[in-house]
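I have placed the structure first, in the form of structure tokens, so that the comments after it can refer back to it.
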Amino acid sequence: MKKILLDECRLRDLIEVQKLQHWKAAEILGVSQDTIARNCKRMGIETQRTGPRLGPLHTGWKGGRRIVKGYLYIYAPEHPHATKQGYVSEHRLVMEDKLGRYLDPAETVHHKNGDNLDNSPDNLELFLNNAEHLRKTLKGQVPKWTQEGFEQMVLNGKKRASQIQLGVCVPQRNQTTGRWIAKPDKPSQEAS
């Protein structure tokens with residue numbers, strides 16, 4: 001087998017700078033993929049991972065913007081609070097840019113006009129935590145309970161309290177699986 005030595009500068013440019021896959025570099029240089037792999041290993045050239053590339057180099061890349069559960073997310077894998085896929089919600093990025101610092105994960109960003117896709121700085125408000133956010137946004141709102149519904153809640157609360165006293169349907173942890181299970185009702189005296 002004849003050893004093929006490639007120009008290191010040219011190979012380094014194709015693999016590290018242009019971030020081409022081995023098969024593309026092999027096609028350009030007119031050699032096999034194995035030759036590219038051997039030369040990269042010998043020269044200490046850092047190659048890309050196998051399979052599809054991440055981010056803008058992926059064949060299905062659509063710009064790094066996606067809507068998840070009504071919020072706009074931006075591809076920012078270097079951000080300290082990015083998801084596993086490398087995305088951060090745009091409203092948090094806009095607020096961070098406005099403040100000039102990273103937001104604490106407990107801090108909550110609120111959309112004043114209720115439109116979760118309107119991420120203009122004027123529409124965003126920062127709260128220290130979700131409790132402060134809910135305290136302000138739910139202020140003055142009262143649940144619309146009917147009298148019958150309120151009585152049913154009271155009745156269910158009393159029924160549940162008596163069940164717990166009797167030990168009926170009290171959740172317990174399964175010793176083998178660790179999951180919570182409802183304790184079965186006690187067998188009646190008449191059944192024996």
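Rule-based calculations on the coordinates, nothing more; no lab input. This structure is a prediction, so every number in the text was calculated from the model and none was measured. Positions of Cβ are generated from backbone atoms using ideal geometry, with glycine treated the same way; all protein chains shown enter the neighbour counts.
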Those lysines that a straight Cα-Cα span of less than 20 Å connects to K136, excepting residues fewer than 8 apart in one chain:
K112, K144
Need one word for the chain: rounded, prolate or oblate. Basis is the Cα gyration tensor (sqrt eigenvalues a ≥ b ≥ c); a/c below 1.5 gives rounded, then a/b vs b/c decides.
oblate
Treating cross-link reach as a plain straight distance, find the lysines whose alpha-carbon is under 17 Å from the alpha-carbon of K3, omitting any fewer than eight places away in the same chain.
K41
Using label points projected 7 Å from each Cα along Cα→Cβ, tell me how many nm separate T176 and L155, to one decimal.
4.0
Can you tell me which of 115-121, 57-63 comes out highest on packing, and rank the rest after it, using the mean Cβ neighbours within 10 Å?
115-121, 57-63
If the only charges are +1 at each Lys and Arg Cβ and -1 at each Asp and Glu Cβ, what is the size of the charge dipole of the chain around the Cα centre, to the nearest 20 debye?
680
Going highest first, how would you order 148-161, 93-106 by mean Cβ packing within 10 Å?
93-106, 148-161
